[in-house]
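*Asks:* Would you mind keeping the following structure in view while I ask a few things?
The values are calculated or read from the model by the stated rules, or taken from the named source; none is laboratory data. Quick caveat: nothing in here was measured; it's all calculated off a predicted structure. Because the Cβ atoms are built from the backbone with ideal geometry, glycine has one as well, and the counts that use them run over all protein chains shown.
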Amino acid sequence: MTEQAPADPLAAMFQRLITNTGPISLMHYMGESNARYYGSKDPLGVAGDFVTAPEISQMFGELVGLWLADMWINAGREEPVHYVELGPGRGTLAQDALRVAKRYGLEPRVHFVETSTALQDVQLANLPGAQWHHDLSTIPLYGPILLVANEFLDALPVRQLVMTAEGWRERMVVPDGDRFVCIAGTQPMDAAVPETRRQAELGTIIETCPGAAATVNEVAGRLTEQGGAALFIDYGHDTVRDGSTLQAVRDHLKVDPFVSPGEADLTAHVDFATLAAIAQSHGCRWLGTVPQGRWLRNLGIDARAQTLAERAPQHAAAIEAAKDRLVAEGQMGLLFKVMGLAGPSWHGGAGFLKRGQ
């Protein structure tokens, strides 16, 4: 009896590819899945699959804008200056950040790195003066950059290596009935594992993200050459860890990442410890990596929430609930991290510095 092909187009394509050429890497599976997912729809908001911090409250984007303006002012207000956002969603963060920044004289040229045509249409309506780019290579090479990447790195495909009895192998994907599963590949991968981590128990999984490393590598180089500052905000860890963190979200719920590829948002935790080391290798200033809740509180989110509540007391409960969602340890406050980078001659770093520094 011939096995019936999955009804989902991407699942069917994967099955044909694996049948003809053999197992595909998990990185290939995740990359193709997210390319299909993000290229076909607007996934944000209540009607979408997930909600990001800028959509929860204007306070998030406002404090990002305040931070960028403070860094720019401390650096001498150099012009021209470029606001660059990676994966800007609907443009909500940019709108809030740039509105606040303008109060301090910061009116940068706006650049969005975005490949989703569905989201570009929304961004165009919200920020008609923005320029769109497929990647960082076409961002101007002159003038400092003020870069923000909120929940961007987590969607980049990860490579997973697993320790087997034969040594380190890459995790590969194969069909298993109406879903897919991971198996260990046959190609030795010991050389791809840092020497300090090669001795490990059977079944140990190491997860890396070449795309995140390449992105931070390029941003750090730009900051060193052009000046500027960058914020990378995402869920992840600030110490090196083992294990798989791959997950999928659809309709605001966690689902099986190996069912219906291309129909859910596949993500993995960001390894901020490795990314900080990459940035510093370029001579870039690493300002620190701190929990989102602490960073927002250091920048004054409590006072901002109180001001908003006083102006609109009928919305006070909603404002407080939104703030708690952003800063509470049981919600986004602890799992989400903020990593700050800056050019060698750029000073400051509010939110990362201890009092008195």
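*Asks:* Does any residue in the range 109-126 that is more than 10 Å from Pro88 (Cα to Cα) come within less than 6 Å, Cβ to Cβ, of a residue that is modelled with pLDDT under 85 and not in a helix (DSSP H, G or I) six or more places away or on a different chain, and which pairs are these?
*Replies:* That search, which allows pairs on different chains as well, returns Ala118/Lys41; Ala118/Asp42.
*Asks:* Report, by residue number, each residue of the range 304-328 that is at pLDDT below 95 and either aromatic (Phe, Trp, Tyr) or under 28 Å from Leu275 (Cβ atoms) (or both).
*Replies:* Listed by number, the list is empty, since nothing qualifies.
*Asks:* While we're here: Which pairs have Cβ atoms under 8 Å, sit 6 or more apart or on different chains, and link a residue in the range 274-293 that is under 17 Å from Ala149 (Cβ atoms) to one that is part of a helix (DSSP H, G or I) and charged (D, E, K, R)?
*Replies:* none
*Asks:* Could you check the range 197-220 and list, in sequence order, the residues that are within 19 Å of Leu86 (Cβ to Cβ) and among the charged types (D, E, K, R)?
*Replies:* Matches in the range 197-220: Glu218 only.
*Asks:* Could you tell me whether His347 is surrounded by fewer than 18 Cβ atoms within 10 Å (Cβ to Cβ), touching a residue at least 12 places away in the same chain (Cβ under 8 Å) and more than 21 Å from the chain's Cα centre (by Cα)?
*Replies:* Numbers: surrounded by fewer than 18 Cβ atoms within 10 Å (Cβ to Cβ): yes; touching a residue at least 12 places away in the same chain (Cβ under 8 Å): yes; more than 21 Å from the chain's Cα centre (by Cα): yes.
Yes: the conditions hold for His347.
*Asks:* Shifting gears a bit: Identify the residue in the range 88-136 that is acidic (Asp, Glu) and under 17 Å from Ala69 (Cβ atoms) and, among all such residues, is surrounded by the most Cβ atoms within 10 Å (Cβ to Cβ).
*Replies:* At the first step, the residues of the range 88-136 found to be acidic (Asp, Glu) are 96, 107, 114, 121, 135.
Next cut, under 17 Å from Ala69 (Cβ atoms) only: 96, 107.
On the way: Asp96: 20, Glu107: 12.
Across the range 88-136, the extreme among qualifying residues is Asp96.
*Asks:* Would you check which residues across the range 7-38 are part of a helix (DSSP H, G or I) and either basic (Lys, Arg) or on the phi > 0 side of the Ramachandran plot (or both) and list them? First the steps, then the outcome.
*Replies:* From the range 7-38, those part of a helix (DSSP H, G or I) are 9-21, 26-38; that's our starting set.
Listed by number, the residues that qualify are Arg16, Arg36.
*Asks:* Pick out, from the range 221-280, the strands (runs of 3 or more DSSP E) lying fully within it that include 1 or more residues that are under 30 Å from Val81 (Cα atoms). Can you show your working first?
*Replies:* Numbers: elements: 228-237, 247-250, 253-255, 265-267.
Of the strands (runs of 3 or more DSSP E) lying wholly inside the range 221-280, those with at least 1 residues that are under 30 Å from Val81 (Cα atoms) span 228-237.
*Asks:* I'm trying to understand the selection: among the residues of the range 93-118, which are in a loop (DSSP other than H, G, I, E, B) and not basic (Lys, Arg)? Outline the logic, then answer.
*Replies:* Within the range 93-118, the first condition is being in a loop (DSSP other than H, G, I, E, B), and the residues that meet it are 103-108, 114-116.
Of everything in the range 93-118, those that are in a loop (DSSP other than H, G, I, E, B) and not basic (Lys, Arg) turn out to be Tyr104, Gly105, Leu106, Glu107, Pro108, Glu114, Thr115, Ser116.
*Asks:* Next question. Identify the single condition in (1) touching a helix residue (DSSP H, G or I) at 6+ places or on another chain (Cβ under 9 Å); (2) at pLDDT 95 or above that Ala5 does not satisfy, given that it satisfies every other one.
*Replies:* Going through (1) touching a helix residue (DSSP H, G or I) at 6+ places or on another chain (Cβ under 9 Å); (2) at pLDDT 95 or above one by one, Ala5 breaks only (2).
For every residue, the table says whether it meets (1) within 18 Å of the chain's Cα centre (by Cα); (2) surrounded by 19 or more Cβ atoms within 10 Å (Cβ to Cβ).
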residue	(1), (2)
Gly236	yes, yes
Thr239	yes, no
Cys284	no, yes
Leu299	no, yes
Arg304	no, yes
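*Asks:* Hey, Leu275 hits all of (1) surrounded by 19 or more Cβ atoms within 10 Å (Cβ to Cβ); (2) touching a strand residue (DSSP E or B) at 6+ places or on another chain (Cβ under 6 Å); (3) not hydroxyl-bearing (Ser, Thr, Tyr) but one; which does it fall short on?
*Replies:* Answer for Leu275: the failing condition is (2).
Residue-wise test of (1) among the β-branched types (Val, Ile, Thr); (2) farther than 30 Å from Arg304 by Cβ; (3) out of contact with any strand residue (DSSP E or B) (no Cβ under 9 Å at 6 or more places or on another chain); (4) at pLDDT 95 or above.
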| site | (1), (2), (3), (4) |
| --- | --- |
| Met27 | no, yes, no, yes |
| Ala35 | no, yes, yes, no |
| Tyr38 | no, yes, no, no |
| Lys41 | no, yes, yes, no |
| Asp49 | no, no, no, no |
| Met59 | no, no, yes, yes |
| Trp67 | no, no, no, yes |
| Trp72 | no, no, no, yes |
| Arg99 | no, no, yes, yes |
